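What follows is a short report on a single structure.
The values are calculated or read from the model by the stated rules, or taken from the named source; none is laboratory data. Note that the coordinates shown come from a computational prediction; the quantities given were computed from them, not determined experimentally. With ideal geometry, Cβ positions are generated from the backbone for all residues, glycine too; neighbour counts draw on all protein chains shown.
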Amino acid sequence: MNKAITDGLVLMPPPFSAGLNLWSREDGLPGQGSYANQPNAAFVPADQDFGGALELQKTVATQKLRCFQPIPMQPGLYLQVTVRVKCLSGALPSVRIAGWAGRSNGTNVPGVVQTGPSVALTQYGQVVEIKAIIGAGSRGGVAMAWGATATYGHIGLDLTGPNGGVVRIDDITIEDVTGIYLRDIFDAVDVRDFGARGDGVTDDTAAFDAADAAAQGRTITVPAGTYLINGNLTIENPIRFQGTVIQPASVRLALTRNYDLDTYTSAFGDELTGFKKALQALFYFTDHVALDLSDRRIDLVEPIDVAAICGLTAFAQRRFLTNGQLNAVAGPGWDTVTVTASTTYNPSNPTRLTGVTNIANIPVGARVSGNGVGREVYVLDKNVGAGQITLSQPLWGGAGTRTLTFSRYKYLLDFSGFEDLSRFELDRLDLNCNGLCSGVMLPRIGLTLRIGECVFNRPKDRGISSIGSGCQGLIVDGCQFWSNEQPMLAQDRTTIALNINANDAKIRSNRVVRFAHFMVANGGGHLISGNHFFQGDSAAVGTRRAGIVITQPNPRLTFTGNYVDNCFLEWSNEHDEAPDFVTGFSFGNMSIVANHFFASDVAPWFRWIVIAPKGSGHFIQGLSVSDNTFRTINGSVDRVETADTTNGTLDFSRFRNISFGANSFNGVTQLVMNPLTILHTQNTAADTWVVDGGAFMPFQSRVRNTQSLVAEGAIVNASNAPQFAMPYVLNEQGSNRNLVHVRWPSAVRGKVLATLRCDNPT
């Protein structure tokens, strides 16, 4: 290519025959001295070798010759300067191509080489040709790299060495040799053409930026070298890396046309650094909403602190990380931090611990355990100066000073540094914890985060942890959770797949294998559907644990279409600072519909639905259990539901609005129904018939109402004479208050269909 042709650039300086007033004896700047009328310079019109030539005697240490005409320079343009000289007499000098590099403001470009290699003249009359290439970039063969800021040059030569010699100089030629650097032939832009040095020391940010501005859709190439980028940089054109980039941790590189893990890996020389830098960029530009890991595995030796990498504490635009594997590799970065401290708790400030000793060593995000502490309570924040800790949930164990343990697990992806993160998604990721670490810690506050079609493989402690309200509207959809404790007996397992603190979670179509618990959920408005979670083991008549733990007594929760295998639903109020019921809502607002409950090799006392009140005075005020199937193999169970009275009892006198019907029971000794329609047969005439439906009542509660009473056939006296008197009923009879007395005016016998309830329907 030739810029003189393609862009109309005037590259040739004037011939000496045009006048020596066009040639400077200094740097070629306007107003400087020329060679016109100088005693040591003359134009020779008919030299035998050169034709017209300049004859010049060297009189100073560096005899300069520069054209006043500015020769244009631009990024990507490479000029070859050629001169032929011969020495006629006197001391033999050395000759070199030289020039003065100018910027658009008329000043000299600082710090660039402005002279070429020197060539010594060794014989009189011998014609010597000297060449040098001038260009923006430090490319092979370039003698003078003037960078991207040079816009013109005053070009010529220098005579150096001893004075006195007389030389003749042919007209200087300048030609465009950009084509040898293949600038346009392969539709590529080389960052070196714009001044990039690639020495790992020079800041090449401006050169990359200039190359991107010039590319206009062409591919930017980054040749071998180490390129320091000290400023935030966005590349809008395609880019290809042979060399690597180094950046301060807080500086961002956004590759908008090649936003994928492969390109970032090439840019930074390793996958982990490339992943961190790509993740950092994800939060700062809007051309892409997804970081695609390109089906690649990234080995991690410590947690990814996403907020620290991004330098943000809040973000609320949709972004997602997709299509790859994060793989934990053994190292001290995964070690759990465990701290024991004395604390004081006052239920009047339900999420605050005060007087915390050793608080400086307690990390935010640590799980709290000890007497009176419910499951999945975390350190949300701390004030070291005040000795106070903010908890994710209240404690149910009452006021007082107690010693608690704080365990900070380590997570592959840790978002806890975000004070507020919304609309972030993890999609089709394999979180391979390998028994070394946990999976994901959610931000302290957040809205509608989504984790979809991910695999949590062998988390050491937790799959997904919420330490605050970052789980508001959380969606966990189509994921698999594989426990690290599968060979262990159910009672020995400690890992938990998921916990929730806030409202409106959607937990759907997940498969969860042999954890201590699938989920511990506070908050309300949750939809839990289509999940398969099983927690059995190889023990005969084995102990079973809760699959789902609901810690909110009035959760507005729908549990439907799930497969509950060798575990149970536990419903408690263990995150209540005042666990005794005084006012408000007790256990209610729960629908358990169309689920499959299964168990094998369990003891007869196993139950699938367990209410475990903490404190006194609680009752049920809205529960629907319908269209479910309950089945056991290799044994049977007494019934499907119970109340765990270890820390509190249920007030059966206050049961209200309970529906327990249309369920199927297989391998269950005692069916449960409410309302219950039972056929009572009275074979011996009596004025009081005792109808026993107590065993059928949910949670073995009372018979509080007789909803209807219908005679089947004639009611007769001892003489078989039909009787037409109307009986009345007395509910809550017997020592357990689970019998109904049907009272007649006189002794009669016969059959009645009685519909009994354990509750008041409204």
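Identify, please: which residue in region 325-368 is surrounded by 14 or more Cβ atoms within 10 Å (Cβ to Cβ) and among the small types (Gly, Ala, Ser) and is, among those, nearest to residue 443 (Cα to Cα)? Per the stated criteria, the residue is 365. The lone criterion from (1) surrounded by fewer than 18 Cβ atoms within 10 Å (Cβ to Cβ); (2) in contact (Cβ under 8 Å) with a residue 40 or more places away in the chain; (3) under 19 Å from the mean Cα position of the chain (by Cα) left unmet by residue 468 is number (1). One residue stands out in region 579-607 among those that are β-branched (Val, Ile, Thr) and assigned to a strand (DSSP E or B): the one that is surrounded by the fewest Cβ atoms within 10 Å (Cβ to Cβ), namely 593.
Contact annotation: residue pairs with Cβ atoms under 8 Å, 6 or more positions apart or on different chains, pairing a residue in region 711-731 that is free of Cβ contacts under 8 Å to residues at least 60 places away in the same chain and outside any loop (DSSP other than H, G, I, E, B) with a partner that is surrounded by 14 or more Cβ atoms within 10 Å (Cβ to Cβ) and of a type in the set (Lys, Arg), are 711/751; 716/749; 731/702; 731/704. Inside region 525-546, residues that are touching a strand residue (DSSP E or B) at 6+ places or on another chain (Cβ under 7 Å) and under 27 Å from residue 447 (Cα atoms) make up a count of 8. Restricting 499, 510 to residues that are of a type outside the set (A, V, I, L, M, F, W, C) and closer than 13 Å to residue 459 by Cβ narrows the list to 499.
Residue check: residue 538 meets all listed conditions (1) modelled with pLDDT of 95 or more; (2) of a type outside the set (Phe, Trp, Tyr); (3) more than 25 Å from the chain's Cα centre (by Cα) but one, namely (1).
Conditions tested, residue by residue: (1) in contact (Cβ under 8 Å) with a residue 40 or more places away in the chain; (2) among the hydrophobic types (A, V, I, L, M, F, W, C).
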position: 295; (1), (2): no, no
position: 328; (1), (2): yes, yes
position: 371; (1), (2): no, no
position: 378; (1), (2): yes, no
position: 396; (1), (2): yes, yes
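Quick one: how many residues across region 369-389 are of a type in the set (Ser, Thr, Tyr) and crowded, with 18+ Cβ neighbours inside 10 Å? Here the count works out to 1.
Let's see how each residue does on (1) assigned to a strand (DSSP E or B); (2) of a type in the set (A, V, I, L, M, F, W, C); (3) over 27 Å from residue 299 (Cα atoms); (4) at pLDDT 95 or above:
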{"residue": "380", "(1), (2), (3), (4)": "yes, yes, yes, yes"}
{"residue": "401", "(1), (2), (3), (4)": "yes, no, yes, yes"}
{"residue": "407", "(1), (2), (3), (4)": "yes, no, no, yes"}
{"residue": "425", "(1), (2), (3), (4)": "yes, no, no, yes"}
{"residue": "429", "(1), (2), (3), (4)": "yes, yes, no, yes"}
{"residue": "443", "(1), (2), (3), (4)": "no, no, no, yes"}
{"residue": "451", "(1), (2), (3), (4)": "yes, yes, no, yes"}
{"residue": "459", "(1), (2), (3), (4)": "no, no, no, yes"}
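Checked against (1) part of a loop (DSSP other than H, G, I, E, B); (2) in contact (Cβ under 8 Å) with a residue 12 or more places away in the chain, residue 548 passes all but condition (1). In region 49-88, which residue that is of a type in the set (Gly, Ala, Ser) and at pLDDT 95 or above is surrounded by the most Cβ atoms within 10 Å (Cβ to Cβ)? Result: 53.
When residue 574 is tested against the conditions (1) surrounded by fewer than 21 Cβ atoms within 10 Å (Cβ to Cβ); (2) acidic (Asp, Glu); (3) touching a Lys or Arg at 6+ places or on another chain (Cβ under 9 Å), the lone failure is (1).
A quick yes/no check of all residues on (1) in contact (Cβ under 8 Å) with a residue 40 or more places away in the chain; (2) among the hydrophobic types (A, V, I, L, M, F, W, C); (3) buried (at least 18 other Cβ atoms within 10 Å of the Cβ):
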position	(1), (2), (3)
219	no, no, no
229	no, yes, yes
239	no, yes, yes
243	yes, no, yes
259	no, no, yes
276	no, no, yes
279	yes, yes, yes
283	no, yes, yes
289	no, yes, no
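For residue 695, the criteria (1) part of a strand (DSSP E or B); (2) without any contact (Cβ under 8 Å) to a residue 60 or more places away in the chain hold in every case but one, which is (1). Checking the structure you have, find out if any residue of region 39-49 is part of a loop (DSSP other than H, G, I, E, B) and closer than 30 Å to residue 137 by Cα. Within region 39-49, none of the residues are part of a loop (DSSP other than H, G, I, E, B) and closer than 30 Å to residue 137 by Cα. Can you find, within region 734-750, the residue that is farthest from residue 707 (Cα to Cα) among those that are buried (at least 16 other Cβ atoms within 10 Å of the Cβ) and in contact with an Asp or Glu (Cβ under 7 Å, 6 or more places away or on another chain)? By that ranking, first place goes to 744. Tallying residues that are at negative phi, free of Cβ contacts under 8 Å to residues at least 60 places away in the same chain and outside any strand (DSSP E or B) within region 506-542 yields 8. Scan region 533-571 for residues that are surrounded by fewer than 24 Cβ atoms within 10 Å (Cβ to Cβ), in contact with a helix residue (DSSP H, G or I) (Cβ under 8 Å, 6 or more places away or on another chain) and under 16 Å from residue 494 (Cα atoms) and the total you get is 5.
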